[in-house]
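S.K.: Just dropping this structure here.
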Amino acid sequence: MRTQVGIVGAGPAGLTLAQLLHRQGIESVVLENRSREYVEHRVRAGVLEQGTVDLLVEAGIGERLQREGLVHHGIGIQFDGERHRIPLSELTDGRTIVVYGQTEVVRDLVRARLAEGLPLLFEVADVRVHDLDTDRPGIRFTHDGAEHALACDVVAGCDGYHGVCRPSIPAGVISEFSREYPFGWLGILADVAPSNDEVVYAHNERGFALLSMRSLELSRLYVQCRPDEDLAEWPDDRIWEELQLRLGLEGWTLHEGPVLERGVTGMRSYVAEPMRYGRLFLAGDAAHIVPPTGAKGLNLAIHDVRVLAEAIVAWYRTGSTTLLDAYSDACLRRVWRAEHFSWWMTSMLHRLEHDDDFGLKLQLSQLRYVTSSHAAAVSLAENYVGLERV
Ligand SMILES: Cc1cc2nc3c(=O)[nH]c(=O)nc-3n(C[C@H](O)[C@H](O)[C@H](O)COP(=O)(O)OP(=O)(O)OC[C@H]3O[C@@H](n4cnc5c(N)ncnc54)[C@H](O)[C@@H]3O)c2cc1C
C-alpha cells in the first residue's frame, strides 16, 4: 500500500487532518486501533473555541455542528456562595464558544470520510512507524489478521498521549516538560436538562465542581476527586449529593437525573518538544496534554492539524519545506499559552490538598479579582474563547 500521508489515530486530530488534506486533493490513510463504535462513544471534551468551529465549517463538516451546537456568550464563576458571570462575548469583541460534544465532532468526521469511500481502518493492531528520518517513512500494522505495510511521504502521529508514534522517536531528540496534579475529575453524563444556560466553574472548600452540558437535554458534571478514585465508592446518590454541596446556591436548583456515563480522569500538564522528528509530525495529545479546566485539549489538537495541513499542502504545491520546518515552533507558541492558562485556571479553582489557609486566601483574592476587574476578566475571557494571535 502507498499513500501520501499516513495518519495514526482517528481522534479529532487525525480525522480533521485527513479531512483538510482531502479538501486539498492530498491522499491519506487513517489507522485506528479501536473500533468505530468505541471511538464514536468516547465521552470527552465539549467546548469548542470559535476558531475551531470556523475551521470545521470551512472543512465542510460543520453542518450539524451549526444546527445543534449551543452558542454560549459567557461562563459562570462561583465562590464564597455567589455566582458571577464572565461575559465572554462582551469582553472579546463578540467572540463565542460552542458547546458540542467531541463525540459528535468525531461522528461527523467519520461519517464524512466513509461517505466519500476514503481509507479509514478501525481495529488495526501492532502499529509500528519506521524510517522516520528518511524520505521514505512507513507504517506496518495488522488488520483483519493480515500484516500490511504502508509507504508514505509523511507520517502524522495523531495517536494521543498513549500512542506509539512519540515513543518511536529516538531517545534524546525530544525534551519533555510535565506536571502531575494530586487530584482528578469524577465526571458524569446525566440524562437531565442543564440546570444553568452556561457552564459554571465552582470553587468550594469541599473541592472544585463544574456544571457543563452536551445538549439541551444532557448535562455533563464533574467533581474534583483523588486521581485514583475508586468509582465503586461513588454510587449515583453520593455523586449528586456532592454536586449539590459544591454547586448549590440559594434560590437555584441543581436538577438530578439518571447517570448515563461516569469516569475518573487524572490531571496532567505535558509538552514534548519539538513536535517533529524527520518525516514524523506529532499533533494533538500525542505531543501535549493540558488539564481540562481551561477546555483547551481538543482545540489545541485542531489548531495543530490546521497548521500541519497548510504546511503539507505548501510542500506538495511548491516543494518548499519552510512551513514544515516552522510547524513545531508555530504550534508550541499556542500550546504553551494554553498550558499556562489551563494550569492557572486549575490552580485558582481546585482545593489543593496540602495547601494552608494562605493558599486558600490567594485563590479567593484571585477569584474576586477576575470577577470584579475589567482587565482581569478580559484576560480570562480572551484565553477562554481562544486567542486569535499568540
Ligand atoms: C477522559 C478525558 C476527558 C477530557 N475532557 C476534556 C474536556 O472537558 N475539555 C477539553 O478541551 N479536553 C478534554 N479532554 C482532552 C481532549 O479530549 C483531547 O485533547 C482530544 O481528544 C485530543 O485529540 P487527539 O486526536 O489529539 O487525541 P485522541 O482523542 O486521544 O485520539 C487519539 C486516537 O489514536 C488512537 N490510537 C492510540 N494508539 C494507537 C495506535 N497504536 N494505533 C492506532 N491508533 C491509536 C486512539 O484510540 C484515539 O482514537 C479530555 C480527555 C480525556 C482523556
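The values are calculated or read from the model by the stated rules, or taken from the named source; none is laboratory data. Predicted, not measured: the structure shown is a model, and the values here were computed from it. Cβ coordinates were reconstructed from backbone atoms using ideal geometry, including for glycine residues, and neighbour counts include every protein chain displayed. In case anyone asks, the SASA skips ligands and DNA or RNA and just uses the protein heavy atoms, side chains included. Shrake-Rupley method; radii C 1.70, N 1.55, O 1.52, S 1.80 Å.
S.K.: Assuming a ≥ b ≥ c are the square roots of the Cα gyration tensor eigenvalues, decide whether segment 59-103 counts as rounded (a/c under 1.5), prolate (otherwise, with a/b larger than b/c) or oblate.
M.R.: It is oblate, given that a/c is not under 1.5 and a/b is not larger than b/c.
S.K.: Give the accessible surface of the chain per residue, rounded to a whole number of Å², with probe radius 1.4 Å and ligands, DNA and RNA excluded.
M.R.: Accessible area per residue: 44 Å².
S.K.: Once you sort the root eigenvalues of the Cα gyration tensor of the chain as a ≥ b ≥ c, which label holds: rounded (a/c under 1.5), prolate (a/b larger than b/c) or oblate (the other case)?
M.R.: Taking the square roots of the gyration eigenvalues as a ≥ b ≥ c, the chain is prolate.
S.K.: Tell me, Kirkwood radius of segment 248-306 from alpha-carbon pair distances, in Å?
M.R.: Taking the inverse mean of 1/r over all distinct Cα pairs, segment 248-306 comes out at 14.6 Å.
S.K.: Still on this structure: How big is D, in µm² s⁻¹, for segment 1-46 by Stokes-Einstein at 10 °C and 1.306 mPa s if Rh is the Kirkwood radius over C-alpha pairs?
M.R.: Result for D is 139 µm²/s.
S.K.: Under 12 Å from a point 7 Å along the Cα-to-Cβ line of residue 1: which residues of segment 14-38 have their amide N that close?
M.R.: Answer for this model: 28-33.
S.K.: Could you pull the Cα extents of segment 184-235 along its three principal axes, largest to smallest, in whole Å?
M.R.: 31, 24, 13
S.K.: Would you please classify the overall shape of segment 58-209 from the alpha carbon gyration tensor, given that a ≥ b ≥ c denote the square roots of the eigenvalues, rounded means a/c under 1.5, and beyond that prolate means a/b larger than b/c while oblate covers the rest?
M.R.: Prolate, because a/c is 1.5 or more and a/b exceeds b/c.
S.K.: Distance from the Cα centre of segment 340-367 to that of segment 129-188, in angstrom?
M.R.: 34 Å
S.K.: Sorted from largest to smallest, which semi-axis lengths in Å does the alpha carbon gyration tensor of segment 198-277 give for its equivalent ellipsoid, taking the root of 5 times each eigenvalue?
M.R.: 27, 16, 14
S.K.: Compute the FRET efficiency between residue 336 and residue 162 as 1/(1 + (r/R0)^6), taking r as their Cβ-Cβ distance and R0 = 22 Å, and round to the nearest 0.05.
M.R.: It comes to 0.50.
S.K.: Provide Rg and Dmax in Å for segment 309-352, with only Cα atoms included in the calculation.
M.R.: Cα only, segment 309-352: 16.7, 53 Å (Rg, Dmax).
S.K.: According to a simple spin-label model (label point 7 Å from Cα along Cα-to-Cβ), what is the distance in nm between residue 314 and residue 176?
M.R.: Label-label distance for residue 176 and residue 314, simple model: 3.1 nm.
S.K.: Mind listing the Cα extents of segment 273-390 along all three principal axes, in Å, largest one first?
M.R.: Computed over segment 273-390, the largest-to-smallest principal extents equal 58, 31, 17 Å.
S.K.: Mean 1/r over all different Cα pairs, inverted: what Kirkwood radius does segment 268-336 give, in Å?
M.R.: Across segment 268-336, the inverse of the average 1/r is 12.3 Å.
S.K.: Hey, another quick one. What Rg and what Dmax come out for segment 207-353 when only alpha-carbon atoms are used, in angstroms?
M.R.: Cα radius of gyration and Dmax of segment 207-353 are 19.9, 64 Å respectively.
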